[in-house]
1. Search segment 32-44 for residues being away from the ligand (no atom under 13 Å from the Cβ) and crowded, with 16+ Cβ neighbours inside 10 Å, and hand back the single one that is farthest from Tyr79 (Cα to Cα).
2. Criterion first (among the aliphatic types (A, V, I, L, M), under 19 Å from the mean Cα position of the chain (by Cα) and within 20 Å of Tyr171 (Cβ to Cβ)) does Leu40 satisfy it?
3. Filter segment 51-75 for residues that are within 24 Å of Pro88 (Cα to Cα) and more than 9 Å from the ligand (Cβ to nearest atom) and give the result.
4. Being over 16 Å from the mean Cα position of the chain (by Cα), without any contact (Cβ under 8 Å) to a residue 60 or more places away in the chain and surrounded by 14 or more Cβ atoms within 10 Å (Cβ to Cβ) is the filter here, so list the residues in segment 158-195 that pass it.
5. Restricted to segment 146-180, and to residues that are within 13 Å of the ligand (Cβ to nearest atom) and assigned to a helix (DSSP H, G or I), which residue is modelled with the lowest pLDDT?
6. Based on what the data block shows, is Glu117 more than 12 Å from the ligand (Cβ to nearest atom), closer than 22 Å to Ile144 by Cβ, at pLDDT 95 or above and not basic (Lys, Arg)?
7. Any idea which of Ala101, Ala119 is surrounded by fewer than 19 Cβ atoms within 10 Å (Cβ to Cβ) and within 21 Å of Leu8 (Cα to Cα)?
8. Quick check, is Phe29 within 16 Å of the ligand (Cβ to nearest atom), farther than 18 Å from Met1 by Cβ and of a type in the set (Phe, Trp, Tyr)?
Amino acid sequence: MTAAMHRLHQECEDFFKQIYIGESRVVVFGDGDESAPVILVGEAPGEHEALERRPFAGKAGRVLDEFLESIELPRPSVYITNAVKFRPTKQSKSGRTINRAPTREEVALWRPWLIKELAIVNPKLVVTLGNTALRAVTGRDVLIGDTHGQVISIEGMPQVFALHHPASVIYKKALPETYQKDLSVLKGLLARLNQ
Ligand code: URA
């Protein structure tokens with residue numbers, strides 16, 4: 001790990017300890033090649049990620065790996081992180097601890113850390129996975145339904161490419177075809193970036 005990333009982890013842990021006093025929240029930092037030309041940004045860790053302290057360690061991660069391999073972008077060649085770096089939870093009706101989507105406040109609280117992380121890795125392309133990541137990275141109220149498969153240019157930032165979240169492909173029947181199309185656009189984009 002680079003010294004800059006190590007410092008970021010420490011500062012981040014210290015900051016959140018002051019906010020969530022007395023709570024033992026597991027922070028799941030980004031993982032992968034810190035000099036990668038591509039960063040993938042997801043929403044937030046779930047149960048598996050919190051246990052393994054690694055983004056996309058569960059079912060959505062396996063779907064993501066398949067997609068990445070289909071465009072010859074194996075996971076070790078990218079850096080992967082989340083917009084929110086602890087597992088947002090709630091109690092189910094039966095009293096189980098289950099995942100929930102992060103709130104806008106949580107996304108806003110984590111955003112400066114995400115932006116610092118992007119600056120350290122300094123990729124050529126940021127691929128956002130789903131709405132939360134798209135909004136966290138761009139800082140704009142954009143919708144994945146309107147922007148998926150497209151490049152978004154923002155001053156002072158690497159190019160952003162919006163993809164649906166891999167978990168949504170598991171649940172929505174119509175999505176896999178759209179996803180494959182978006183991935184082939186991404187593949188072409190990566191080929192151009194590598195020229
Ligand atoms: N796992 C992650 O790390 N992030 C997600 O967005 C979903 C699953």
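1. First pass over segment 32-44, keeping only residues away from the ligand (no atom under 13 Å from the Cβ): 33-39.
With the extra rule that they be crowded, with 16+ Cβ neighbours inside 10 Å, the set shrinks to 33-34, 36-39.
Values: Asp33: 5, Glu34: 6, Ala36: 6, Pro37: 8, Val38: 7, Ile39: 5 Å.
It comes out as Pro37.
2. Values: among the aliphatic types (A, V, I, L, M): yes; under 19 Å from the mean Cα position of the chain (by Cα): yes; within 20 Å of Tyr171 (Cβ to Cβ): yes.
Yes; evaluated as a whole, the condition is true for this residue.
3. So the first thing to find is which residues in segment 51-75 are within 24 Å of Pro88 (Cα to Cα), and the list is 51-65.
Answer for segment 51-75, where residues must be within 24 Å of Pro88 (Cα to Cα) and more than 9 Å from the ligand (Cβ to nearest atom): Leu51, Glu52, Arg53, Arg62, Val63, Asp65.
4. Result: Leu175, Pro176, Thr178, Asp182, Val185.
5. Restricting attention to segment 146-180, the residues satisfying the condition of being within 13 Å of the ligand (Cβ to nearest atom) are 163-171.
With assigned to a helix (DSSP H, G or I) added as a condition, the list becomes 166-171.
Working: Pro166: 88, Ala167: 88, Ser168: 86, Val169: 80, Ile170: 76, Tyr171: 72.
The extreme case among them is Tyr171.
6. On the way: more than 12 Å from the ligand (Cβ to nearest atom): yes; closer than 22 Å to Ile144 by Cβ: yes; at pLDDT 95 or above: yes; not basic (Lys, Arg): yes.
Taking the combined requirement at face value, the residue satisfies it.
7. Details: Ala101 fails: within 21 Å of Leu8 (Cα to Cα).
None of the others qualify; the one that does is Ala119.
8. Numbers: within 16 Å of the ligand (Cβ to nearest atom): yes; farther than 18 Å from Met1 by Cβ: no; of a type in the set (Phe, Trp, Tyr): yes.
Taking the combined requirement at face value, the residue does not satisfy it.
The values are calculated or read from the model by the stated rules, or taken from the named source; none is laboratory data. Keep in mind that what you see is a predicted model, and the values were worked out from it rather than measured. Neighbour counts are summed over all protein chains in view; Cβ atoms, including those assigned to glycine, are modelled from backbone coordinates with ideal geometry.
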